[in-house]
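Worksheet for the structure shown next.
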Amino acid sequence: MPTVEAKYWEPLKSNKVRCILCPRSCIIPDGGQGFCLVRKNKGGKLYTSIYGEITSANYDPIEKKPLYHFYPGSVIFSIGTNGCNLDCKSCQNWEISRQETSRQLFTSEMAVEYARRYGSIGIAYTYNDPIIWFEYVKDTAKKIKEAGLVNVMVTNGNISIEALLELLPLIDAFNVDLKGMDEEYYLKFSSFPNPNVWKVCEEIKKAGKHLELTKLVVPGFDKFTPEYFERFGKWIAENLGKETPIHYSRFFPAYKLMNTPPTPVNVLDMAYDVTKEYLYYVYVGNVIEPERESTYCPQCGALLVRRVSYNVDVLFDSNGICPNCSRPVDFVF
Ligand code: SF4
Ligand SMILES: [Zn+2]
(Lines give C-alpha, C1' and ligand atoms only; values in the text may rest on other atoms or scores of the structure.)
(Ligands and ions follow the chains in the order given, each with its own letter.)
Protein backbone atom coordinates (compact mmCIF):
# COMPACT_ATOMS: atom_id res chain seq x y z
CA MET A 1 0.00 0.00 0.00
CA PRO A 2 1.51 3.38 -0.96
CA THR A 3 2.31 5.46 2.09
CA VAL A 4 4.49 8.31 0.88
CA GLU A 5 2.52 11.33 -0.26
CA ALA A 6 3.41 12.47 -3.76
CA LYS A 7 4.52 15.98 -4.69
CA TYR A 8 3.06 18.06 -7.51
CA TRP A 9 -0.67 17.46 -7.43
CA GLU A 10 -3.81 19.46 -6.67
CA PRO A 11 -7.19 18.40 -5.24
CA LEU A 12 -10.31 18.50 -7.44
CA LYS A 13 -14.00 17.98 -6.70
CA SER A 14 -15.35 14.56 -5.60
CA ASN A 15 -12.03 13.33 -4.21
CA LYS A 16 -10.37 13.51 -7.62
CA VAL A 17 -6.82 14.87 -7.96
CA ARG A 18 -4.79 16.30 -10.81
CA CYS A 19 -1.13 15.24 -10.94
CA ILE A 20 1.05 18.00 -12.36
CA LEU A 21 4.44 16.29 -12.14
CA CYS A 22 4.56 15.82 -15.90
CA PRO A 23 2.75 17.57 -18.76
CA ARG A 24 0.31 14.67 -19.10
CA SER A 25 -1.59 16.20 -16.11
CA CYS A 26 -3.61 13.09 -15.29
CA ILE A 27 -6.92 13.58 -13.52
CA ILE A 28 -7.16 10.61 -11.16
CA PRO A 29 -10.36 9.48 -9.40
CA ASP A 30 -10.34 8.15 -5.84
CA GLY A 31 -8.90 4.63 -5.95
CA GLY A 32 -7.36 5.21 -9.38
CA GLN A 33 -3.83 5.70 -10.69
CA GLY A 34 -2.10 7.94 -13.24
CA PHE A 35 -0.96 6.88 -16.70
CA CYS A 36 2.47 6.06 -15.24
CA LEU A 37 0.84 3.38 -13.00
CA VAL A 38 2.64 4.39 -9.82
CA ARG A 39 0.94 7.59 -8.63
CA LYS A 40 -2.25 6.63 -6.85
CA ASN A 41 -5.24 8.48 -5.44
CA LYS A 42 -6.25 7.24 -2.02
CA GLY A 43 -9.11 9.13 -0.41
CA GLY A 44 -8.49 12.31 -2.41
CA LYS A 45 -4.72 12.43 -1.81
CA LEU A 46 -1.98 11.44 -4.27
CA TYR A 47 0.62 8.89 -3.17
CA THR A 48 3.66 7.34 -4.82
CA SER A 49 3.74 3.54 -4.73
CA ILE A 50 7.46 3.24 -5.61
CA TYR A 51 9.24 5.29 -2.95
CA GLY A 52 12.35 3.35 -1.87
CA GLU A 53 11.56 0.35 -4.09
CA ILE A 54 13.55 -0.91 -7.07
CA THR A 55 13.12 -3.51 -9.79
CA SER A 56 16.65 -3.37 -11.18
CA ALA A 57 20.21 -2.55 -10.11
CA ASN A 58 23.53 -2.94 -11.91
CA TYR A 59 27.04 -1.54 -12.16
CA ASP A 60 27.19 -0.23 -15.72
CA PRO A 61 29.80 1.49 -17.85
CA ILE A 62 28.83 5.20 -18.06
CA GLU A 63 28.96 4.76 -21.85
CA LYS A 64 25.91 2.50 -21.57
CA LYS A 65 23.63 5.35 -20.40
CA PRO A 66 24.84 6.58 -22.98
CA LEU A 67 27.07 9.38 -21.67
CA TYR A 68 30.28 9.70 -23.71
CA HIS A 69 31.51 13.07 -22.40
CA PHE A 70 31.02 12.53 -18.67
CA TYR A 71 33.78 10.67 -16.76
CA PRO A 72 34.65 8.52 -19.81
CA GLY A 73 35.53 4.93 -18.99
CA SER A 74 33.95 5.02 -15.52
CA VAL A 75 31.42 2.75 -13.82
CA ILE A 76 28.12 3.98 -12.39
CA PHE A 77 25.71 2.19 -10.08
CA SER A 78 22.35 2.18 -11.89
CA ILE A 79 18.87 1.65 -10.48
CA GLY A 80 15.30 1.63 -11.77
CA THR A 81 11.78 0.89 -10.59
CA ASN A 82 8.32 0.51 -12.16
CA GLY A 83 6.28 2.83 -14.36
CA CYS A 84 6.63 5.47 -17.08
CA ASN A 85 4.73 8.52 -18.31
CA LEU A 86 5.22 7.42 -21.94
CA ASP A 87 4.24 4.25 -23.78
CA CYS A 88 6.81 4.04 -26.57
CA LYS A 89 6.07 1.41 -29.17
CA SER A 90 9.54 -0.11 -29.03
CA CYS A 91 10.25 0.12 -25.30
CA GLN A 92 13.08 -2.28 -24.41
CA ASN A 93 12.05 -2.25 -20.76
CA TRP A 94 8.29 -2.50 -21.05
CA GLU A 95 8.16 -5.28 -18.45
CA ILE A 96 9.06 -2.72 -15.80
CA SER A 97 7.83 0.50 -17.43
CA ARG A 98 4.35 -0.50 -18.49
CA GLN A 99 3.34 -2.90 -15.72
CA GLU A 100 3.91 -3.22 -12.00
CA THR A 101 6.21 -6.06 -10.98
CA SER A 102 7.61 -7.21 -7.67
CA ARG A 103 9.99 -4.69 -6.16
CA GLN A 104 12.68 -4.75 -3.53
CA LEU A 105 13.03 -2.29 -0.70
CA PHE A 106 16.01 -0.03 -1.27
CA THR A 107 16.43 2.97 1.00
CA SER A 108 18.37 6.10 0.04
CA GLU A 109 21.01 5.08 2.58
CA MET A 110 21.45 1.73 0.85
CA ALA A 111 21.69 3.53 -2.49
CA VAL A 112 24.58 5.65 -1.19
CA GLU A 113 26.35 2.59 0.18
CA TYR A 114 26.09 0.69 -3.12
CA ALA A 115 27.02 3.79 -5.15
CA ARG A 116 30.41 3.84 -3.41
CA ARG A 117 31.37 0.29 -4.33
CA TYR A 118 33.47 -1.08 -7.21
CA GLY A 119 34.81 2.35 -8.16
CA SER A 120 31.36 3.67 -9.09
CA ILE A 121 31.20 7.47 -9.50
CA GLY A 122 27.64 7.73 -8.17
CA ILE A 123 24.12 6.77 -9.23
CA ALA A 124 22.23 6.70 -12.51
CA TYR A 125 18.44 6.72 -12.24
CA THR A 126 17.55 4.76 -15.35
CA TYR A 127 15.88 1.64 -16.86
CA ASN A 128 12.35 3.03 -16.40
CA ASP A 129 11.81 6.81 -16.40
CA PRO A 130 13.01 8.46 -13.16
CA ILE A 131 10.64 11.44 -13.57
CA ILE A 132 7.77 9.50 -12.05
CA TRP A 133 10.07 8.47 -9.16
CA PHE A 134 10.54 12.14 -8.29
CA GLU A 135 10.22 11.94 -4.50
CA TYR A 136 12.77 9.14 -4.04
CA VAL A 137 15.15 10.47 -6.69
CA LYS A 138 15.23 13.85 -4.98
CA ASP A 139 15.84 12.48 -1.48
CA THR A 140 18.46 10.01 -2.70
CA ALA A 141 20.20 12.53 -4.96
CA LYS A 142 20.61 14.84 -1.99
CA LYS A 143 22.35 12.11 0.02
CA ILE A 144 24.50 11.15 -2.97
CA LYS A 145 25.68 14.76 -3.28
CA GLU A 146 26.45 14.91 0.43
CA ALA A 147 28.60 11.79 -0.04
CA GLY A 148 30.57 13.58 -2.79
CA LEU A 149 29.22 11.36 -5.59
CA VAL A 150 27.39 12.25 -8.81
CA ASN A 151 23.77 11.87 -9.92
CA VAL A 152 22.76 11.01 -13.47
CA MET A 153 19.26 10.90 -14.94
CA VAL A 154 18.44 8.91 -18.07
CA THR A 155 15.05 10.22 -19.04
CA ASN A 156 12.52 11.05 -21.72
CA GLY A 157 12.66 14.62 -20.40
CA ASN A 158 8.93 15.26 -20.11
CA ILE A 159 8.65 16.75 -16.64
CA SER A 160 6.98 19.93 -15.41
CA ILE A 161 9.44 22.81 -15.38
CA GLU A 162 8.75 23.49 -11.71
CA ALA A 163 9.68 19.92 -10.74
CA LEU A 164 12.73 20.00 -13.01
CA LEU A 165 13.97 23.18 -11.35
CA GLU A 166 13.71 21.45 -7.98
CA LEU A 167 15.86 18.54 -9.20
CA LEU A 168 18.38 20.49 -11.27
CA PRO A 169 20.73 21.57 -8.46
CA LEU A 170 21.15 17.88 -7.50
CA ILE A 171 21.66 16.25 -10.89
CA ASP A 172 25.06 16.44 -12.58
CA ALA A 173 24.31 14.92 -15.96
CA PHE A 174 21.33 13.98 -18.11
CA ASN A 175 20.84 11.76 -21.08
CA VAL A 176 17.55 12.82 -22.63
CA ASP A 177 15.92 10.45 -25.07
CA LEU A 178 14.62 12.80 -27.73
CA LYS A 179 11.96 10.82 -29.58
CA GLY A 180 11.23 13.41 -32.25
CA MET A 181 11.03 17.07 -33.14
CA ASP A 182 7.25 17.55 -33.02
CA GLU A 183 4.12 16.69 -31.06
CA GLU A 184 2.80 14.46 -33.84
CA TYR A 185 5.76 12.10 -33.42
CA TYR A 186 5.24 11.86 -29.66
CA LEU A 187 1.56 11.11 -30.07
CA LYS A 188 2.16 8.42 -32.70
CA PHE A 189 5.21 6.76 -31.15
CA SER A 190 4.88 7.38 -27.40
CA SER A 191 1.13 8.04 -26.84
CA PHE A 192 2.05 11.43 -25.42
CA PRO A 193 0.00 14.36 -26.67
CA ASN A 194 1.78 17.31 -25.06
CA PRO A 195 5.55 16.85 -24.70
CA ASN A 196 7.71 19.65 -23.32
CA VAL A 197 11.05 17.90 -23.71
CA TRP A 198 12.54 20.66 -25.90
CA LYS A 199 11.99 23.28 -23.22
CA VAL A 200 13.35 20.88 -20.56
CA CYS A 201 16.56 20.42 -22.58
CA GLU A 202 16.98 24.19 -22.77
CA GLU A 203 16.53 24.50 -19.00
CA ILE A 204 19.13 21.77 -18.36
CA LYS A 205 21.65 23.62 -20.51
CA LYS A 206 20.73 26.96 -18.94
CA ALA A 207 21.52 25.47 -15.52
CA GLY A 208 24.99 24.49 -16.79
CA LYS A 209 24.37 20.75 -16.36
CA HIS A 210 25.89 18.15 -18.63
CA LEU A 211 23.46 17.03 -21.35
CA GLU A 212 23.63 14.38 -24.04
CA LEU A 213 20.78 13.33 -26.31
CA THR A 214 19.75 9.97 -27.69
CA LYS A 215 17.61 9.56 -30.78
CA LEU A 216 16.38 6.07 -31.61
CA VAL A 217 15.92 5.86 -35.39
CA VAL A 218 12.82 3.76 -36.04
CA PRO A 219 11.76 2.44 -39.46
CA GLY A 220 8.19 3.49 -40.25
CA PHE A 221 8.31 6.42 -37.82
CA ASP A 222 11.41 8.38 -38.84
CA LYS A 223 11.98 9.66 -42.35
CA PHE A 224 15.20 8.37 -43.86
CA THR A 225 16.15 11.63 -45.61
CA PRO A 226 19.03 14.06 -44.99
CA GLU A 227 16.56 16.95 -44.47
CA TYR A 228 14.91 15.03 -41.65
CA PHE A 229 18.12 14.64 -39.66
CA GLU A 230 19.22 18.17 -40.51
CA ARG A 231 16.33 19.35 -38.40
CA PHE A 232 17.80 17.66 -35.31
CA GLY A 233 21.25 19.08 -35.98
CA LYS A 234 19.99 22.62 -36.58
CA TRP A 235 17.70 22.75 -33.58
CA ILE A 236 20.33 21.35 -31.20
CA ALA A 237 23.04 23.71 -32.51
CA GLU A 238 20.78 26.76 -32.20
CA ASN A 239 19.12 25.97 -28.88
CA LEU A 240 21.51 23.76 -26.90
CA GLY A 241 24.89 24.47 -28.47
CA LYS A 242 27.13 22.72 -31.00
CA GLU A 243 29.00 20.92 -28.22
CA THR A 244 25.87 18.92 -27.20
CA PRO A 245 26.46 15.26 -28.17
CA ILE A 246 23.73 13.27 -29.92
CA HIS A 247 23.64 9.47 -30.12
CA TYR A 248 21.73 7.99 -33.06
CA SER A 249 20.68 4.59 -31.88
CA ARG A 250 19.83 1.57 -34.03
CA PHE A 251 16.34 0.15 -33.54
CA PHE A 252 15.85 -3.58 -33.02
CA PRO A 253 12.40 -5.25 -32.87
CA ALA A 254 10.83 -4.95 -29.40
CA TYR A 255 7.51 -4.68 -27.55
CA LYS A 256 4.81 -3.48 -30.00
CA LEU A 257 7.14 -3.39 -33.00
CA MET A 258 8.24 -7.01 -33.16
CA ASN A 259 7.63 -7.18 -36.92
CA THR A 260 9.56 -4.03 -37.81
CA PRO A 261 13.06 -4.71 -39.21
CA PRO A 262 16.17 -3.17 -37.58
CA THR A 263 17.28 0.25 -38.79
CA PRO A 264 19.54 -0.11 -41.87
CA VAL A 265 23.08 0.80 -40.83
CA ASN A 266 23.50 3.11 -43.86
CA VAL A 267 20.64 5.26 -42.50
CA LEU A 268 22.50 5.73 -39.21
CA ASP A 269 25.64 6.61 -41.18
CA MET A 270 23.71 9.17 -43.21
CA ALA A 271 22.16 10.67 -40.04
CA TYR A 272 25.69 10.87 -38.58
CA ASP A 273 27.17 12.56 -41.66
CA VAL A 274 24.34 15.09 -42.00
CA THR A 275 24.29 16.04 -38.32
CA LYS A 276 28.10 16.36 -38.15
CA GLU A 277 27.69 19.48 -40.31
CA TYR A 278 25.93 21.16 -37.38
CA LEU A 279 27.30 19.56 -34.22
CA TYR A 280 30.78 18.74 -32.93
CA TYR A 281 29.91 15.35 -31.46
CA VAL A 282 27.67 12.82 -33.18
CA TYR A 283 27.68 9.09 -32.41
CA VAL A 284 25.96 5.92 -33.56
CA GLY A 285 24.76 3.35 -31.03
CA ASN A 286 23.58 -0.30 -30.94
CA VAL A 287 25.99 -0.99 -33.77
CA ILE A 288 29.76 -1.52 -33.77
CA GLU A 289 31.31 1.25 -35.86
CA PRO A 290 34.47 2.42 -34.04
CA GLU A 291 34.93 5.43 -36.36
CA ARG A 292 31.49 6.75 -35.53
CA GLU A 293 31.66 5.81 -31.84
CA SER A 294 34.90 7.70 -31.19
CA THR A 295 35.45 11.38 -30.35
CA TYR A 296 37.53 13.73 -32.47
CA CYS A 297 38.77 17.23 -31.69
CA PRO A 298 36.44 19.72 -33.42
CA GLN A 299 39.37 22.04 -34.16
CA CYS A 300 42.07 19.75 -35.59
CA GLY A 301 40.33 16.37 -35.99
CA ALA A 302 42.71 14.49 -33.65
CA LEU A 303 41.32 11.36 -32.02
CA LEU A 304 40.44 12.23 -28.39
CA VAL A 305 38.63 9.08 -27.22
CA ARG A 306 38.72 5.76 -29.04
CA ARG A 307 35.64 3.61 -28.44
CA VAL A 308 34.78 0.14 -29.61
CA SER A 309 31.49 -0.74 -27.98
CA TYR A 310 32.20 -0.25 -24.23
CA ASN A 311 35.98 -0.39 -24.59
CA VAL A 312 37.18 3.14 -24.01
CA ASP A 313 40.63 4.59 -24.56
CA VAL A 314 40.99 8.22 -23.40
CA LEU A 315 43.77 9.91 -25.37
CA PHE A 316 43.67 13.48 -24.03
CA ASP A 317 45.76 14.31 -20.98
CA SER A 318 44.66 15.15 -17.45
CA ASN A 319 44.74 18.90 -18.24
CA GLY A 320 41.79 18.34 -20.54
CA ILE A 321 43.30 19.69 -23.73
CA CYS A 322 43.68 18.23 -27.19
CA PRO A 323 47.19 16.70 -27.37
CA ASN A 324 47.55 17.99 -30.94
CA CYS A 325 46.18 21.57 -30.95
CA SER A 326 45.61 22.33 -27.22
CA ARG A 327 41.91 23.14 -27.64
CA PRO A 328 40.12 22.44 -24.31
CA VAL A 329 38.09 19.24 -24.66
CA ASP A 330 34.32 19.27 -24.05
CA PHE A 331 34.35 16.61 -21.33
CA VAL A 332 33.44 16.46 -17.67
CA PHE A 333 36.03 14.29 -15.87
S1 SF4 B 1 3.55 11.73 -13.46
FE2 SF4 B 1 2.17 10.02 -13.87
S3 SF4 B 1 0.28 10.54 -12.83
FE4 SF4 B 1 1.50 12.40 -12.94
S5 SF4 B 1 0.77 13.45 -14.78
FE6 SF4 B 1 2.54 12.23 -15.39
S7 SF4 B 1 1.71 10.26 -16.06
FE8 SF4 B 1 0.10 11.30 -14.94
ZN1 LIG C 1 42.80 19.46 -31.57
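On a per residue basis, the chain carries 42 Å² of accessible surface, using protein heavy atoms and a 1.4 Å probe.
Counting only residues at least eight positions apart within a chain, or on another chain, the aspartates and glutamates with an alpha carbon under 16 Å from that of residue 276 are 212, 227, 230, 238, 243, 289, 291, 293, 330. Summarising the label geometry, the points placed 7 Å from Cα in the beta-carbon direction at residue 303 and residue 118 lie 2.9 nm from one another.
Dipole size of segment 239-333 about its Cα centre, with +1 on Lys/Arg Cβ and -1 on Asp/Glu Cβ: approximately 220 debye, rounded to the nearest 20. Among residues other than residue 254 with Cβ under 15 Å from its Cβ, the summed charge is +2 (Lys and Arg +1, Asp and Glu -1).
Between 0 and 90 degrees, the angle of helix 265-276 with respect to the longest Cα principal axis of the chain falls at about 80 degrees.
Ranked by the mean number of other Cβ atoms within 10 Å of their residues, highest first, the peptides 146-159, 251-264 come out as 146-159, 251-264. Could you tell me how many degrees, from 0 to 90 and to the nearest 10, lie between the Cα long axis of helix 226-239 and the main elongation axis, the longest principal axis, of the Cα atoms of the chain? In the chain, helix 226-239 runs at an angle near 80 degrees to the longest axis.
GNM on the chain, alpha-carbon springs under 10 angstrom: the most fluctuating residue among 182, 87, 273 is 182. About its Cα centre, the dipole of the chain is roughly 740 debye, where the only charges are +1 on Lys and Arg Cβ and -1 on Asp and Glu Cβ. For segment 205-278, GluC sites (Glu not before Pro) meeting the loop criterion (DSSP other than H, G, I, E, B) and having at most 10 other Cβ atoms within 10 Å: none. Among 255, 107, 325, which residue has its Cα positioned farthest towards the positive end of the charge dipole of the chain, with +1 placed on the Cβ of Lys and Arg, -1 on the Cβ of Asp and Glu, and the dipole taken about the Cα centre? Selected residue: 107. Using the Cβ-Cβ distance between residue 311 and residue 95 with R0 set to 25 Å, the FRET efficiency from 1/(1 + (r/R0)^6) comes to roughly 0.30. Each Lys and Arg adds +1 at its Cβ and each Asp and Glu adds -1 at its Cβ; summed about the Cα centre, segment 175-333 shows a dipole of about 240 debye. Report, to the nearest 10°, how far helix 134-146 tilts away from the longest principal axis of the Cα atoms in the chain, using its own Cα long axis and a range of 0 to 90°. Value to nearest ten degrees: 60. Take every pair of alpha-carbon atoms less than 8 Å apart whose residues are at least six positions apart; their mean separation over the length of segment 31-153 yields a relative contact order of 26 percent.
From the residues 144, 61, 121, which one has its Cα farthest along the dipole of the chain in the positive direction, the dipole being from +1 and -1 charges on Cβ of Lys/Arg and Asp/Glu about the Cα centre? Of 144, 61, 121, it is 144. Per atom type, the chain shows carbon and sulfur on 51% of its accessible surface, probed at 1.4 Å.
Checked against a 30 Å cut-off, the cross-linked pairs 142/205; 16/143; 65/145; 13/206 give Cα-Cα distances beyond that limit for 16/143; 13/206. Since only 228, 279, 170 are under comparison, the one whose Cα sits farthest along the positive direction of the charge dipole of the chain, derived from C-beta charges on Lys, Arg, Asp and Glu, is 170.
Measuring nothing but how far apart in sequence close Cα pairs (under 8 Å, 6+ apart) lie, relative to its length, the chain scores a relative contact order of 13 percent.
The values are calculated or read from the model by the stated rules, or taken from the named source; none is laboratory data. This is a predicted model, so every value here is computed, not measured. In this analysis, Cβ positions are derived from the backbone assuming ideal geometry, glycine residues included, and neighbour counts consider all displayed protein chains. Ligands, DNA and RNA are stripped out before the accessible areas are found, and what is left, the full protein with its side chains, is counted by its heavy atoms. Shrake-Rupley method; radii C 1.70, N 1.55, O 1.52, S 1.80 Å.
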